[in-house]
Amino acid sequence: MRLSLLLLLLLLPGPPPTPGMEDAAFPHLGESSQPPPPACPLRCSCPRADTVDCNGLDLQVFPDNITRAAQHLSLQNNQLQELPYNELSRLRSLRTLNLHNNLISSEGLPDEAFESLTQLQHIYVAHNKLSVAPQFLPRSLRVADLAANQVTEIFPLTFGEKPALSLSSNRLSYLPPSLPPSLERLHLQDNLISKVPRGALSRQTHLRELYLQHNQLTDSGLDATTFSKLHHLEYLDLSHNQLASVPAGLPRTLAVLHLGRNRIRWVEAARLRGARGLRYLLLQHNQLGAEGLPAGALRPLRGLHTLHLYGNGLHRVPPALPRRLRALVLPHNHVTTLGARDLAGLRGLAELNLAYNRLVSARVHRRAFRPLRALRSLDLAGNQLTRLPGGLPGSLRTLRLQRNQLRALEPELLAGLDQLRELSLAHNRLRIGDIGPGTWHELQALQVLDLSHNELSFVPPDLPEALEELHLQGNRIGHVGSEAFLSTPRLRALFLRANRLHMTSIAPEAFLGLLHLRVVDTAGNPEQVLVRLPPTTPRRPRAGGP
């Protein structure tokens, strides 16, 4: 009968049917028919049959007409205030639900809202107005992000077996009870937590990352068992709290311990004895004074790679540091002296930062840096040095000496630095006469030289041939001669702003031969200086081009 109907339709007057229409009307008659694509909600996009994207549409009502086949639904950046249970419960194939940045409150979220979504693996409800975490979440869930809400209460069975959980930026005053034993990553930063109850983390033996920064934890809020059962913990962030000492009972597996911005005055070796696998210890912005790191306090940490002590009150480099240390970060302390043996045990050190301390040349021993045969970066900026330190290791790639009181550059103190790539001497008191003859000959690999904000009256002669970037801004340069850059054919960027240059101060031939020069900055001089860059090497036309 259907076949007869089809023939009758074809015989009726009117425009010819679209090819394939009969297959669409009667799919069983077509040999290669496909099901029609699912409808897409108004204004949303559906790039795939299983994906619905309604991001950033200012929606105030949950969209209807969402296909039951949807596996990924994005409703972030809208103005939704509630989730209708009837609409959500029929989307049983959902694997990812993104509700980030809406106006959803706990009153607008039914207790059973997600209970029927048995395939759901990722849910993002951050930046809403929840005061209570959802009571029931499906067991299939792997990641739950409830950050930046107003959560003050969590039901014991809420989180089931989730390996990743974010409750950061809420108003929790306690560590949630009954956390999933399968947790691998837990974000609780930016809350009001002042205490971790005894045994609260005793079942989370798979936990690898724990974020508790920006809370109100004190020493009395932790005990020796708080972290001791976390046998897989690798990353622990306790920064921005009110701790006065390093927590006890740290696990052997810990690799990164962040204790910055607390109130720690003293580091006790016994507290670190269990954390023998520690690689990165961050203690910046605490209250460590002259005796805050006694000799041997860090000796148990034989594999320590980086020690960060920025912004404390240390008077010397801490003694007896782990021998395998690769980076020692000590800026903004009160270090006044570097003795001959202060760094002797750190032969593998690659980075040393002593910027903005109180070092003076008379109290830096001429052999202080000699043992550091692997040193690649040395930062001594912001001290009170009047001359270059002696015995600098030939392995150096970067040397920062800006904002000191340097009055002389002596070639013998730069001897052997044939691997140095970057040298900063900005904001000192150097004049042309203070730069000894042959100074730059020692630095044949130098690519970046910063001599800005000194007292130079012209471009220093005989600069290194490898130089690519030269900073001379903020000096007293009034003339640039024709031979100023003969020794630097690879120069790419030249900064001459805020000097004493006039319209005719730069010789026309000054930049001849600088085929790589791309930037010349002469702003801020008494007169506008016109610079004509040298012609570049002509490019070969592309194949097939005009």
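Restricting the first residue to segment 49-66 and requiring it to be touching a residue at least 24 places away in the same chain (Cβ under 8 Å) and under 21 Å from N86 (Cβ atoms), which pairs with a second residue that is among the hydroxyl-bearing types (S, T, Y) and crowded, with 19+ Cβ neighbours inside 10 Å meet a Cβ separation below 9 Å and a spacing of at least six or different chains?
Correct list of pairs: C54/S74.
Considering only segment 54-68, how many residues are open to solvent by 20 Å² or more (accessible area, probe 1.4 Å) and either outside any loop (DSSP other than H, G, I, E, B) or among the aliphatic types (A, V, I, L, M) (or both)?
Of the residues in segment 54-68, 3 are open to solvent by 20 Å² or more (accessible area, probe 1.4 Å) and either outside any loop (DSSP other than H, G, I, E, B) or among the aliphatic types (A, V, I, L, M) (or both).
Sort out which residues of segment 291-307 are small (G, A, S) and open to solvent by 60 Å² or more (accessible area, probe 1.4 Å), and write them in order of number. Write out each step before concluding.
Taking segment 291-307 first, the residues small (G, A, S) are 292, 295-297, 303.
Residue satisfying the conditions is A295 alone.
Of everything in segment 192-238 that's within 18 Å of R276 (Cα to Cα) and of a type in the set (F, W, Y), which residue is least open to solvent (accessible area, probe 1.4 Å)?
F227
Restricting to segment 69-94, give me the number of residues that are under 30 Å from the mean Cα position of the chain (by Cα) and either of a type in the set (S, T, N, Q) or open to solvent by 50 Å² or more (accessible area, probe 1.4 Å) (or both). First the steps, then the outcome.
Filtering segment 69-94 down to residues under 30 Å from the mean Cα position of the chain (by Cα) leaves 72-78.
Subset that is either of a type in the set (S, T, N, Q) or open to solvent by 50 Å² or more (accessible area, probe 1.4 Å) (or both): 72, 74, 76-78.
Count: 5.
With the structure loaded, tell me whether A320 is open to solvent by 10 Å² or more (accessible area, probe 1.4 Å), among the aliphatic types (A, V, I, L, M), out of contact with any strand residue (DSSP E or B) (no Cβ under 7 Å at 6 or more places or on another chain) and within 30 Å of R261 (Cβ to Cβ) or whether it fails that test.
Judged against the criteria, A320 is a match.
Could we say that V196 is touching a strand residue (DSSP E or B) at 6+ places or on another chain (Cβ under 8 Å) and touching a residue at least 12 places away in the same chain (Cβ under 8 Å) here? Reasoning before the result, please.
Working: touching a strand residue (DSSP E or B) at 6+ places or on another chain (Cβ under 8 Å): no; touching a residue at least 12 places away in the same chain (Cβ under 8 Å): yes.
In short, no.
From (1) part of a loop (DSSP other than H, G, I, E, B); (2) in contact with a strand residue (DSSP E or B) (Cβ under 6 Å, 6 or more places away or on another chain), pick out the condition that doesn't hold for L307.
The number of the failed condition is (1).
Give me the pairs: first residue in segment 284-308 and under 17 Å from A244 (Cα atoms) and without any contact (Cβ under 8 Å) to a residue 40 or more places away in the chain, second residue β-branched (V, I, T) and open to solvent by less than 30 Å² (accessible area, probe 1.4 Å), beta-carbon distance under 6 Å, and six or more apart or on different chains, which are they?
N286/I264; L293/V267; A297/V267
Let me confirm something: among R492, R500, which residue is open to solvent by 70 Å² or more (accessible area, probe 1.4 Å) and closer than 21 Å to L430 by Cα? So that I can check it myself, show each step before the final result.
Values: R492 fails: closer than 21 Å to L430 by Cα.
After ruling out the rest, the residue left standing is R500.
May I ask you to say which residue of G260, G311, G249, G277 is touching a Ser or Thr at 6+ places or on another chain (Cβ under 8 Å) and on the phi > 0 side of the Ramachandran plot? Spell out the reasoning first.
Details: G260 fails: on the phi > 0 side of the Ramachandran plot; G311 fails: touching a Ser or Thr at 6+ places or on another chain (Cβ under 8 Å); G277 fails: on the phi > 0 side of the Ramachandran plot.
G249 is the lone residue from the list that is touching a Ser or Thr at 6+ places or on another chain (Cβ under 8 Å) and on the phi > 0 side of the Ramachandran plot.
Does L120 meet the test of being touching a strand residue (DSSP E or B) at 6+ places or on another chain (Cβ under 9 Å) and either under 23 Å from F159 (Cβ atoms) or open to solvent by 50 Å² or more (accessible area, probe 1.4 Å) (or both)? Steps first, please.
Details: touching a strand residue (DSSP E or B) at 6+ places or on another chain (Cβ under 9 Å): yes; either under 23 Å from F159 (Cβ atoms) or open to solvent by 50 Å² or more (accessible area, probe 1.4 Å) (or both): yes.
Spelling it out, L120 is indeed touching a strand residue (DSSP E or B) at 6+ places or on another chain (Cβ under 9 Å) and either under 23 Å from F159 (Cβ atoms) or open to solvent by 50 Å² or more (accessible area, probe 1.4 Å) (or both).
Just give me the residues in segment 90-115 being of a type in the set (S, T, N, Q) and either touching a residue at least 40 places away in the same chain (Cβ under 8 Å) or touching a Leu at 6+ places or on another chain (Cβ under 8 Å) (or both), in sequence order.
Here is the first cut: in segment 90-115, the residues of a type in the set (S, T, N, Q) are 93, 96, 98, 101-102, 105-106.
Correct list: S93, T96, N98, N102, S105, S106.
Do we have P534 as part of a loop (DSSP other than H, G, I, E, B) and either open to solvent by 20 Å² or more (accessible area, probe 1.4 Å) or closer than 22 Å to L388 by Cα (or both) here? Before the answer, list the steps.
Working: part of a loop (DSSP other than H, G, I, E, B): yes; either open to solvent by 20 Å² or more (accessible area, probe 1.4 Å) or closer than 22 Å to L388 by Cα (or both): no.
So P534 does not fit the description; no.
The values are calculated or read from the model by the stated rules, or taken from the named source; none is laboratory data. Here the structure is a predicted model, which is why all the values come from computation and not from measurement. Reconstructed Cβ throughout: ideal geometry from the backbone, glycine too, with neighbour counts over all protein chains shown. Surface areas here come from the heavy atoms of the whole protein model, side chains and all, with no ligands, DNA or RNA. Shrake-Rupley method; radii C 1.70, N 1.55, O 1.52, S 1.80 Å.
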